[in-house]
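This report refers to the structure that appears directly beneath it.
The values are calculated or read from the model by the stated rules, or taken from the named source; none is laboratory data. Note that the structure is predicted; figures quoted are calculated from it, not measured. Cβ placement follows ideal geometry from the backbone for every residue including glycine, while neighbour counts extend to all protein chains displayed. With ligands, DNA and RNA removed, areas are computed over all heavy atoms of the protein, side chains included. Shrake-Rupley method; radii C 1.70, N 1.55, O 1.52, S 1.80 Å.
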Amino acid sequence: MSAELSNKIATKQAAIGVIGLGYVGLPLAVLFAKKGFRVSGFGGEWKKLDQLMKGISGIEAVSETELRRLVQHGALNIEHIDGRPLESQDVYIVCVPTPVDEKKQPDLTPIRDVAGKLAKISLAGKLIINESTVAPGTTREEFGQFAGKYFLACSPERIDPGNTEKNVANITKVVGGRDLQSLDLAKALYESVLSSDVVAVSSLEAAEMTKMLENTYRAVNIALVNECAQLAESIHVDILEVIEAAKTKWSFHAHYPSLGVGGHCIPVDPWYLVELGKKKRVSLPLITQALIDNESMAHFTAKKIADVYRAGMRVLVYGITYKKDVKDMRESPVMRLLHILQGMKIPVTVYDPLFTAAELQKMNVTAGKKEPVDIFVVGSDHAQLAEEYRSFVSGDTVVVDGRNFFLKKVGKKVFGIGRNAL
Ligand code: SAJ
């Protein structure tokens, strides 16, 4: 049975179903279609599907011209997950979100919704690959119990939103299988479209754990430098100088302090490990504390603002996204900062070059004007900041630089994170 599917993959006759058409699934669906496979992209929201059918991608990494061409030529069919076409795929690649709730508990609803749909169709001889980020054991648990002989693999997504160098076609892929046939099929599939290496690991759980380790490593190392930044301030040492010096050590991998850690991965994935640790009665205090530390940086930054704020002062936050040059609000630490300032009764306005005033309004933030203010806060260090700051910063403006963007003094004073005032 695997020979038949293997042959279909080798000849690009395999029908590829990509489930979930966000920043992971849509670029992947487009890649397979561009490489000559017949692809069906499945989503659950008609409004979004309509836009995709019209070639409106909403994802920076996917050009609308290309999407429109592939859809019009029938190389990429946009389908509703409840439609009949779901039954006629040979491969299912699951790319749905795996968030945490407000109590930091994993929310597997999107995964379970997909599992419920797949349970209703015949999977004999087909391959399911889970790309969604989950705790080790989840792929087997949620996609391993269906009837019939089918193949099951896991290959965690590694998309870095906004990164133009590393994209869906050239990021090294780690793949694990429920058995050797599943692994071989998944590996062959990715090798047929990727220009990067495809690295096989020994199990589904090893693949899931690889993703967890790489993202938790990042969260913990950012927390380390956030803690050291706070100490550096107390001993009047500049953390950026220290990081640059530490980088001369071959085994030091630089991370940088900031007003906080956002995005769909770094502040979220490690909570899946923490939850698994609880289930397995393995305590993971370092990971838990690191996540708490990173969240506390918004408070650390808010205090800097409160220290200089006097009633009546005009405060503007520049940049509201979770990282620079990406129009993405998921888990944005700037939103956390705004909520804290609201609690401190410090009124602020916001300016972000990636958003219109109306879009900001929809996020319940007051759009700021391009004029000098008393306190200028760097929330996201978008490239435009290098020029645009001049509209907001006069000789009397105090800057609270949540991204350590300014390396030289501007305005009256610059307070960074882990730095001496400039
Ligand atoms: N951040 C810091 N200090 C740092 C690095 C990042 O405060 O030294 C903050 C960023 O401002 C952002 C958050 O952490 O708010 C996450 O930053 P990120 O560069 O990790 O951005 P992401 O979330 O887009 O991370 C993605 C992730 N990709 C996947 O999970 C598939 C992550 O695994 C990658 O490590 C990262 O891209 C990357 O390598 O660039």
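GNM, the chain, Cα, under 10 Å: largest mean-square fluctuation among VAL282, VAL71, VAL91?
Between VAL282, VAL71, VAL91, it is VAL282 that shows the largest mean-square fluctuation.
Would you mind getting the accessible area per residue of the stretch 145-204, heavy atoms of the protein chains only, 1.4 Å probe, in Å²?
Numbers: 2620 Å² over 60 residues.
With the other protein chains kept in place, the stretch 145-204 gives 44 Å² per residue.
How many nm is it between the label spots at SER234 and ASP396, if each spot is 7 Å from the Cα in line with the beta carbon?
3.6 nm
For the pair ALA421 and GLN72, what calculated FRET efficiency results from E = 1/(1 + (r/R0)^6), where r is the Cβ-Cβ distance and R0 = 51 Å, to the nearest 0.05? Before the final figure, lay out each step's value.
Numbers: r = 57 Å, r/R0 = 1.13.
Working from the Cβ atoms, E equals 0.35.
Taking the DSSP beta bridges in the chain as the whole, what percent of them are antiparallel, to the nearest 5?
Numbers: 3 of 44 bridges.
Taking every DSSP beta bridge within the chain, about 5 percent pair in antiparallel fashion.
So what's the net charge close to ILE417: Lys and Arg +1, Asp and Glu -1, counting the other residues with Cβ under 12 Å from its Cβ?
Numbers: positive: LYS303, LYS304, ARG403, ARG419; negative: GLU227, GLU233, ASP238, ASP381, ASP401.
Residues close to ILE417 contribute a combined charge of -1.
Provide the gained length on full extension for the span TRP46 to HIS339, in nm with one decimal, where the gain is 0.36 nm per separating residue minus the Cα-Cα distance. Before the final figure, lay out the partial values.
Working: separation 293, 0.36 × 293 = 105.48 nm, distance 3.29 nm.
Working it through step by step, the gained length comes to 102.2 nm.
Are there chymotrypsin sites (Phe, Trp or Tyr not before Pro) in the stretch 188-294 that DSSP marks as loop and that have at most 13 other Cβ atoms within 10 Å, and which are they? Could you put the intermediate results ahead of the total?
Details: sites: TYR190, TYR217, TRP250, PHE252, TRP271, TYR272; in loops: TRP250, PHE252.
When the chymotrypsin sites (Phe, Trp or Tyr not before Pro) of the stretch 188-294 are filtered for loop state and at most 13 Cβ neighbours within 10 Å, TRP250, PHE252 remain.
If each of ARG112 and GLU60 carries a label point 7 Å out from its Cα toward its Cβ, how far apart are those two points in nm?
3.4 nm
Distance check, please: which entries in LYS117/LYS362; LYS47/LYS173; LYS303/LYS408; LYS47/LYS187 exceed 29 angstrom between their Cα atoms?
Values: LYS117/LYS362 34 Å; LYS47/LYS173 32 Å; LYS303/LYS408 22 Å; LYS47/LYS187 34 Å.
Checking Cα-Cα distances, LYS117/LYS362; LYS47/LYS173; LYS47/LYS187 exceed 29 Å.
Hey, if you drop one equal point scatterer on each alpha-carbon of the stretch 1-100 and run the Debye formula without solvent, what base-10 log of I(q)/I(0) do you get at q = 0.10, 0.19, 0.25 Å⁻¹?
Evaluating at q = 0.10, 0.19, 0.25 Å⁻¹ gives log10 I(q)/I(0) of -0.25, -0.86, -1.38.
Starting from the Kirkwood Rh over alpha-carbon pairs, what translational D in µm² s⁻¹ does the chain have by Stokes-Einstein at 4 °C and 1.567 mPa s? Don't skip to the end; give the middle numbers.
Details: Rh = 23.2 Å.
The Stokes-Einstein estimate is 56 µm²/s.
Give the Rg (one decimal place) followed by the Dmax (whole number) of the stretch 236-332, computed from C-alpha coordinates and expressed in Å.
17.1, 53
What GluC sites (Glu not before Pro) in the stretch 111-215 are in a loop by DSSP, with at most 11 other Cβ atoms within 10 Å of the Cβ? Present the calculation step by step, with values, prior to reporting the outcome.
Numbers: sites: GLU131, GLU141, GLU142, GLU157, GLU165, GLU191, GLU205, GLU208, GLU214; in loops: GLU131, GLU157, GLU165.
Counting only loop positions with at most 11 other Cβ atoms within 10 Å, the GluC sites (Glu not before Pro) in the stretch 111-215 are GLU165.
Report SER57's accessible area, 1.4 Å probe, all protein chains in place, as a number in Å² to the nearest 10.
Around 10 Å² of this residue is reachable by solvent.
Need one number: convex hull volume per residue for the stretch 6-57, Cα atoms only, in Å³.
Working: hull volume 3.8 nm³, N = 52.
Enclosed volume per residue, from the Cα hull, is 73 Å³.
Express in nm, to one decimal, how much length is gained between LYS103 and MET313 on full extension, taking 0.36 nm for each residue of separation and deducting their alpha carbon distance. Don't skip to the answer; put the middle values down first.
Numbers: separation 210, 0.36 × 210 = 75.60 nm, distance 3.53 nm.
Here the segment from LYS103 to MET313 would lengthen by 72.1 nm.
Going by the alpha-carbon gyration tensor, a ≥ b ≥ c the square roots of its eigenvalues, is the stretch 276-407 rounded (a/c under 1.5) or, if a/c is not under 1.5, prolate (a/b greater than b/c) versus oblate? Provide the component values of the computation, followed by the final result.
Values: a/c = 2.08, a/b = 1.76, b/c = 1.18.
Prolate shape, in that a/c is at least 1.5 and a/b is the bigger ratio.
Shape of the stretch 83-197 from its Cα gyration tensor (a ≥ b ≥ c, root eigenvalues): rounded if a/c is under 1.5, otherwise prolate when a/b > b/c, or oblate? Mind showing how you got there, number by number?
Details: a/c = 1.69, a/b = 1.09, b/c = 1.55.
Oblate is the answer for the stretch 83-197, as a/c is 1.5 or above yet b/c matches or exceeds a/b.
Using a cut-off of 15 Å between beta-carbons, work out the net charge of the residues near TYR150 (Lys and Arg +1, Asp and Glu -1, TYR150 not included). Walk me through the numbers on the way to the answer.
Numbers: positive: LYS8, LYS117, LYS120, LYS126, ARG140, LYS149, ARG178; negative: GLU4, GLU87, ASP90, GLU142, ASP179, ASP184.
Summing Lys and Arg as +1 and Asp and Glu as -1 gives +1.
Straight-line reach from LYS54: which lysines have Cα under 19 Å away, leaving out those fewer than 8 places along the same chain?
LYS34
Most mobile of ALA147, ALA245, ALA61 per a Gaussian network model of the chain (Cα springs, under 10 Å)?
Maximum among the listed residues: ALA245.
Per residue, how many Å² of accessible area does the stretch 375-422 show with a 1.4 Å probe? Present the calculation step by step, with values, prior to reporting the outcome.
Working: 1870 Å² over 48 residues.
That works out to 39 Å² per residue.
Carbon and sulfur atoms: what percent of the 1.4 Å accessible area of the stretch 140-197 do they account for? Each step should come with its number before you reach the end.
On the way: 1260 of 2570 Å².
Carbon with sulfur: 49 percent of the solvent-accessible area.
If ligands, DNA and RNA are left out, what is the accessible area of LYS48 with a 1.4 Å probe, given in Å² to the nearest 10?
80 Å²
Determine how large the accessible area of LYS303 is when every protein chain is in place; take a 1.4 Å probe and give Å² rounded to the nearest 10.
The accessible area of LYS303 comes to roughly 110 Å².
Calculate the translational D of the stretch 174-275 in whole µm² s⁻¹ from Stokes-Einstein, where the hydrodynamic radius comes from the Kirkwood formula applied to all Cα pairs, the temperature is 4 °C and the viscosity 1.567 mPa s.
79 µm²/s
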